[in-house]
Amino acid sequence: MKRIVLMHRWRRASRDEAGAALILVIVVMIVIGLMSAGLMAGVTSGLQDRAVLDGVRNREYAADGAIELAVTKVRQLAAPGAALATCGPSNRYQQSLDGVAIRVDCSNVPVLTRTGLLERDVSFSACVDVGVACTDVATVIRAQVNFETASSTSATIVHTYVQSWSVNQ
Amino acid sequence: MRKYSEAGTSLVEIVIAIVILGAVVAALMAALVTATTSSKAHRDFATADTILRSYAEATKSSVRAQCTPGATYSVAYPGALPTGFAISAISNKSCPGLSDVQVVHLTVTVPNGTTKAIDIGVRQP
């Protein structure tokens, strides 16, 4: 009688374990799948970040080149700009570099020195060209450049001095 | 009620389990290989970015230091290039004119042959 009971229990236990291996495999598969997904998400995120940083670099150098262009154009002007009224056509220059269209807004910011000389300084703000003037937030590079003339009475620029050059983003 | 024999059930389960596990492990290994390859590519691109920035600054500095109207300039990469990387050489290039900027195309080749490039604007000082 005791032997029959033991056999019965063994068979029931045997039936209860049916499919256990498959369940284990499915659990392992899910765990490994999650691990793989996390791994690939990390790699993808890294590569996407690289692309974003490349874009930021291109924008930075495009803004840099556009301001250099604006400086070059302004120094061709007398004074720079007639009676320091403007610093170029519509006080604006545009250039595309590295596939980024950049707008440079300029403004004359003359300074009277303590000795009475008028420093011909121009402020430049470069931002991605979206058709409106560069705002503080959108400005990528802001620079101030001094345009030196041959003498206090001359309007011809002989030297340019970068007084400040800040990269904002 | 008819009773079915359970003989061989465990064997079938184990075989199916091994097949599924094998497929999963193979997928995991493929993911690991992809991750490793991508990680190296990412590192190379980050290095290429640093090289490009250094080369761009060296180019601007060279133009400032060497250029007078009608002169030429050459650019030396600051320091040693990391192994496997190459840059486009700039030697005896005409200086930009007084009234415009010169666009200089800089490229760096990473060890797997991919190139990264940037255009910069330089002007006569």
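We did not get these values from a lab; they are worked out from the coordinates using the rules stated. Computed from a predicted model, the values in this text were never measured in an experiment. Cβ atoms come from the backbone with ideal geometry, glycine included; neighbour counts cover every protein chain shown.
Computed from point charges on the beta carbon alone (+1 for Lys and Arg, -1 for Asp and Glu), the dipole magnitude for the stretch B:9-122 about its Cα centre is near 300 Debye.
Near B:Arg53: Cβ cut-off under 12 Å, other residues only, Lys/Arg at +1 and Asp/Glu at -1. The net charge is -2. Using the Cβ of A:Thr86 as centre and a radius below 14 Å, the other residues enclosed give a net charge of +2, where K and R count +1 and D and E count -1.
Per-residue ellipticity at 222 nm for chain B, helices alone: DSSP H runs ≥ 4 residues times -39500 (n - 2.57), over residue total, nearest 500 deg cm²/dmol?
One gets -17500 deg cm²/dmol as the mean residue ellipticity at 222 nm.
Between A:Val111 and A:Ala138, the contour length at 0.36 nm per residue exceeds the Cα-Cα span by 7.1 nm.
Can you tell which of A:Ile30, A:Gly65, A:Leu97 lies farthest toward the positive end of the dipole of the protein assembly as shown, using +1 and -1 charges on the Cβ of basic and acidic side chains (Lys, Arg; Asp, Glu)? Farthest along the dipole direction, towards plus: A:Ile30.
Partner shielding of B:109-119 amounts to 2, given as the average count of beta-carbon atoms from other chains within 10 Å of each residue beta-carbon.
Projected over every direction and averaged, the convex hull enclosing the alpha-carbon atoms of the protein assembly as shown yields 28.1 nm². Think of the protein assembly as shown as a dipole: +1 on every Lys or Arg Cβ, -1 on every Asp or Glu Cβ, centred on the Cα centre; then among A:Gln48, B:Pro82, B:Cys67, A:Gln48 lies furthest on the positive end.
A simple count of charges around A:Tyr161, restricted to other residues whose Cβ falls under 15 Å of its Cβ and scoring Lys, Arg +1 and Asp, Glu -1, yields 0.
If R0 is taken as 45 Å, the Cβ-Cβ distance between B:Ala86 and A:Val130 corresponds to a FRET efficiency of 0.75.
Inter-part distance, the stretch A:108-169 to the stretch B:52-125, computed on C-alpha centroids, equals 26 Å. Assuming 0.36 nm per residue, please report the length gained on full extension of the stretch B:Thr72 to B:Val25 beyond their Cα-Cα distance. Computed gain between B:Thr72 and B:Val25 is 10.9 nm.
Counts of other chain beta carbons within 10 angstrom of each beta carbon in peptide A:26-35 average 3. When the alpha carbon gyration tensor of the stretch B:9-122 is reduced to an equivalent ellipsoid, its three semi-axes come out at 54, 11, 8 angstrom, largest first.
Within a 10 angstrom radius of the beta carbon, how do B:Lys116, B:Lys40, B:Lys60 rank from fewest other beta carbons to most?
Ascending Cβ contact count within 10 Å gives the list B:Lys40, B:Lys116, B:Lys60.
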